[in-house]
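Taking it in order: structure first as structure tokens, then the write-up.
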Amino acid sequence: MKNIKQKILIILATLSLVIGFFAVPAGVFAAVTVDEAIDSGTSKILSTGKLADDWQSLGVARSNTPASKEVRQARYNDIVAYLNQSDRLSATDFERTIIGVVSIGGDPTHIPEATTHKNLVEELYQSNAMNSGVNAIIYGLLALQTKEYAVPENANFSIQEMVDKLLSLQKADGGWALGGAAGDVDMTGMAITALAKYKDMPGVSTALDRSVAWLSSVQLKSGGFKGWSNENSNSLSQALMAITLTGNDPKGALFTKDSDMITALMTYRTADGGFKWLPTDTQSNGMALEQALYALTQYKFYLNGSGSIYDFVNNPVPQLIETPVEPDPSTEEPSSSAEPGTEDSNSSDSNSSDSNVSSEDSSTTTSISDGSDENTEETISDSEGSSNVEKNTTDSSGAGIIGDTDSSTTAPSKEADEEAVQNTSNNANSDNAKSLPSTGEANDYMFLSVLLGASMLLVGVFFLAKNKRKQNN
């Protein structure tokens, strides 16, 4: 009987220790919600006091805490300097910069400070983007989604032609790649992201269905994805962009193996608020943070039904320069106090400046990863510049632009700026569905889980000590 009691005590002690060891780290992990990961990632980027490139600009613009006007203006000044130092820009240079410009609240069709590159959209349309590789076609579609731009008469291509060209480059397995016969996760995610807006065009919906099915088939048991040679967060972020923009749930059955995509991406988060590239890395990685940040914000948009992070028409951002809107005289009512035939009857004209309102710049943006990171391992070049990959295909120089700072332009409206910030904040509400706890609930879970773990550890130690005393007696 004594031996049986001792065995029971040992079993209880062992179970308590096991539960305790697993409960404590589980509680710490549960404390990090999507909102908190977005907030800490944004803080890490903004802690430098600047936006370093276009993809940081995109991620921060769609976060819960958009960059200040001063930071965005500084980014604009950097972009103007970049444009003025570049005699020849590739198609992907124009495309990436357009995305960056819109993200910080600028107008890529009107850059008066630039010496030659004053209208990036027009120059893009006049470029050789259609024949510059799959990368340029994807970037081009994303850049031109940022607004409803006027197509110049001397344009070398149309949106329809770019869509058709990208569809023609789809691999037999349903994916896309820079080269070869097999699909590649990063390029497939980017291609889906670019095509999602055009799902009603002929052939697009079928192509998207094939590519989504292919992504599901190559998803790893961890919930993540492998690049050319390694499982990594960049490939996972690009797949997450694609899945949410096609209306698929990254935590649903189709994209849950042993784990789901969101849980998998959160395992790459580092203690400093960043994200690492490889599972074995110990330090955060700049490119991994940028991509994880805008992918998580897209997931929030998906949960809230807000559409695309690249839709700046329905989801505006703060503008650097607000364009005054003149009132329409035909809609103005005559002053009730004015006598017919007197000068006062025209007094509304003299006060028209008081009724000017600031309008938000309509735009829509998309995303892909910048390849300037030191961890990129391979380089593939196309006819319009190089694309760094492993596992991302992107361009090396970061540029993006802001609005007109000409002295004749009306000063920015504080009210409009605040309204856009509020709009961005509303699109990134607390986690509210798909079994994601809110920030407060997550902290409660952490406390309870850690408390449980600590309690079970104490129970285990107590049972072991009690059993040891009985054996000594």
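Residues in the stretch 156-171 that are small (G, A, S) and either touching a Leu at 6+ places or on another chain (Cβ under 9 Å) or open to solvent by 60 Å² or more (accessible area, probe 1.4 Å) (or both): 1 in all. Taking G227, is it surrounded by fewer than 21 Cβ atoms within 10 Å (Cβ to Cβ) and at pLDDT below 95? When the stated conditions are applied, G227 does not pass them.
Yes/no matrix, rows are residues, columns are (1) under 21 Å from K226 (Cβ atoms); (2) touching a residue at least 40 places away in the same chain (Cβ under 8 Å); (3) assigned to a loop (DSSP other than H, G, I, E, B):
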residue: A271; (1), (2), (3): no, no, yes
residue: T282; (1), (2), (3): yes, no, yes
residue: M287; (1), (2), (3): yes, yes, no
residue: Q291; (1), (2), (3): yes, yes, no
residue: T297; (1), (2), (3): no, yes, no
residue: S308; (1), (2), (3): no, yes, yes
residue: N315; (1), (2), (3): no, yes, yes
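Identify the residue in the stretch 60-75 that is touching a residue at least 24 places away in the same chain (Cβ under 8 Å) and part of a loop (DSSP other than H, G, I, E, B) and, among all such residues, is most open to solvent (accessible area, probe 1.4 Å). Looking at the filtered set, the residue picked out is T65. Among residues belonging to the stretch 253-262 that are outside any loop (DSSP other than H, G, I, E, B) and touching a residue at least 24 places away in the same chain (Cβ under 8 Å), point out the one that is surrounded by the fewest Cβ atoms within 10 Å (Cβ to Cβ). The residue in question is L254. In the set S40, S68, only one residue is farther than 18 Å from A295 by Cα and out of contact with any Cys (no Cβ under 6 Å at 6 or more places or on another chain); that residue is S68.
Per-residue answers, yes or no, for (1) farther than 18 Å from G59 by Cβ; (2) surrounded by fewer than 21 Cβ atoms within 10 Å (Cβ to Cβ); (3) without any contact (Cβ under 8 Å) to a residue 40 or more places away in the chain:
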{"residue": "I192", "(1), (2), (3)": "yes, no, no"}
{"residue": "S217", "(1), (2), (3)": "yes, yes, yes"}
{"residue": "N234", "(1), (2), (3)": "no, no, no"}
{"residue": "A264", "(1), (2), (3)": "yes, no, no"}
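Checked against (1) among the small types (G, A, S); (2) open to solvent by less than 20 Å² (accessible area, probe 1.4 Å); (3) on the phi < 0 side of the Ramachandran plot; (4) assigned to a loop (DSSP other than H, G, I, E, B), G174 passes all but condition (3). Only one of the numbered conditions (1) under 20 Å from the mean Cα position of the chain (by Cα); (2) open to solvent by 10 Å² or more (accessible area, probe 1.4 Å) is not met by A271, and that is (1). Going by the conditions given, is S43 under 20 Å from I309 (Cα atoms), open to solvent by 30 Å² or more (accessible area, probe 1.4 Å), polar (S, T, N, Q) and modelled with pLDDT of 95 or more? For S43, the condition - under 20 Å from I309 (Cα atoms), open to solvent by 30 Å² or more (accessible area, probe 1.4 Å), polar (S, T, N, Q) and modelled with pLDDT of 95 or more - is met. Condition (residue is touching a Lys or Arg at 6+ places or on another chain (Cβ under 7 Å), part of a helix (DSSP H, G or I) and not acidic (D, E)) applied to the stretch 189-210: is it met by at least one residue? There is at least one residue in the stretch 189-210 that is touching a Lys or Arg at 6+ places or on another chain (Cβ under 7 Å), part of a helix (DSSP H, G or I) and not acidic (D, E).
When each of M201, M187 is tested for being under 18 Å from Q238 (Cβ atoms), modelled with pLDDT of 95 or more and not polar (S, T, N, Q), the lone residue that passes is M187.
Residues checked against (1) under 14 Å from the mean Cα position of the chain (by Cα); (2) at pLDDT 95 or above:
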{"residue": "L278", "(1), (2)": "no, yes"}
{"residue": "D281", "(1), (2)": "no, yes"}
{"residue": "A288", "(1), (2)": "yes, yes"}
{"residue": "A295", "(1), (2)": "yes, yes"}
{"residue": "Y299", "(1), (2)": "yes, yes"}
{"residue": "S306", "(1), (2)": "yes, no"}
{"residue": "Y310", "(1), (2)": "yes, no"}
{"residue": "V313", "(1), (2)": "no, no"}
{"residue": "P316", "(1), (2)": "no, no"}
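Only a single item in (1) of a type in the set (F, W, Y); (2) under 24 Å from Q238 (Cβ atoms); (3) at pLDDT below 95 is not met by Y149, and it is number (2). From the list L141, L89, L120, the lone residue that is at pLDDT 95 or above and more than 20 Å from S168 (Cα to Cα) is L120.
The values are calculated or read from the model by the stated rules, or taken from the named source; none is laboratory data. It should be emphasised that the depicted structure is a prediction, and the values quoted were computed from it without experimental measurement. Every residue, glycine as well, gets a Cβ built from its backbone with ideal geometry; the counts of neighbours run over all protein chains shown. Side chains included, ligands, DNA and RNA excluded: accessible areas come from the protein's heavy atoms. Shrake-Rupley method; radii C 1.70, N 1.55, O 1.52, S 1.80 Å.
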